[in-house]
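Trainee: Quick one: this structure, given as structure tokens, is what I'll be asking you about.
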Amino acid sequence: MPEEPSASPPDVRRTAVMTVLTVLAGAVDAVSFLTMGKVFCALATGNVLFLSFALAGEGDVPVARPATAIGAFLVGAAVGAVLLTWLAARGRPWFAVGLAGEGLLLVLAGGVAVGRHGTGAVAGADLVVVGTVALAMGLRASTALRVHVPGMPTLLSQTAIAQLVNDVLRDPRAALRGMTGGQRLARTRWTATVAGIFAGGTLGTLLLVPLGTGRALFVIAAVVLLLAAANLPPGPTDRPPTPPPDGP
């Protein structure tokens, strides 16, 4: 039986782009949790738990903070789903637009943070900043969902950990005797998701948190906007006869 071909360049590129976005999601949560009053703007599951603790009267997180993050995340996801579907139906570059929208929302949140609180942390957990960042992450969730790179949702790692463990246990000797191209790509994506969240959290804690909320958000936004620009389709004069599908 012929060996399965290795991952194609588009697969490798998609994996690389989604890995960078995963790292940025970890950085966003490091900044939000450590400088915006113990709230996750990307990991919605954490906010659901915080809200349940607050409603039960335990913990030191007030109801308004996780409730704002959850509500804004839902709005961002809903707006993203409608907008990206509308753009895709008209052949527009929905992936680049989704990233650009996320980046601009992060710039807005950073501007509000700097304008209200200077270059330090957000004092008193500014709900406008929390809500704007969560809105950006909701839009990201819809963008990642529409790209649909298996094993790379960019915002959480639990499923990737479970998939990786199950795959390794199902075929533990595959790495020794050689994996198929598809299995290698899948394991690479699951590993990149887990490692990306960890790396982003570390990066955010060591490099971005010391910058203060606003400046940290500006740095993350700049990377997102660079990715958006890099994923714009070629111009009319440079467009190939059969353009590739939009997305990373």
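The values are calculated or read from the model by the stated rules, or taken from the named source; none is laboratory data. Just so it is clear, the model here is predicted, and its values are computed rather than measured. All Cβ positions, glycine included, derive from the backbone under ideal geometry; neighbour counts span all protein chains shown. Surface accessibility is based on the protein's heavy atoms, side chains included, excluding ligands, DNA and RNA. Shrake-Rupley method; radii C 1.70, N 1.55, O 1.52, S 1.80 Å.
Trainee: Using a 1.4 Å probe, how large is the accessible area of THR35, given in Å² and rounded to the nearest 10?
Mentor: Around 10 Å² of this residue is reachable by solvent.
Trainee: In addition: Which trypsin sites (Lys or Arg not before Pro) from segment 24-118 combine a DSSP loop assignment with at most 13 other Cβ atoms within 10 Å?
Mentor: ARG90
Trainee: Which peptide among 21-29, 102-110 comes first, and what is the full order, when sorted by highest mean count of other Cβ atoms within 10 Å?
Mentor: Result, highest mean Cβ count within 10 Å first: 21-29, 102-110.
Trainee: Separate question: Place a label point 7 angstrom from the Cα of VAL128 along the Cα-to-Cβ direction, then list the residues of segment 79-116 whose backbone nitrogen is under 18 Å away.
Mentor: Residues 104-116 fall inside that zone.
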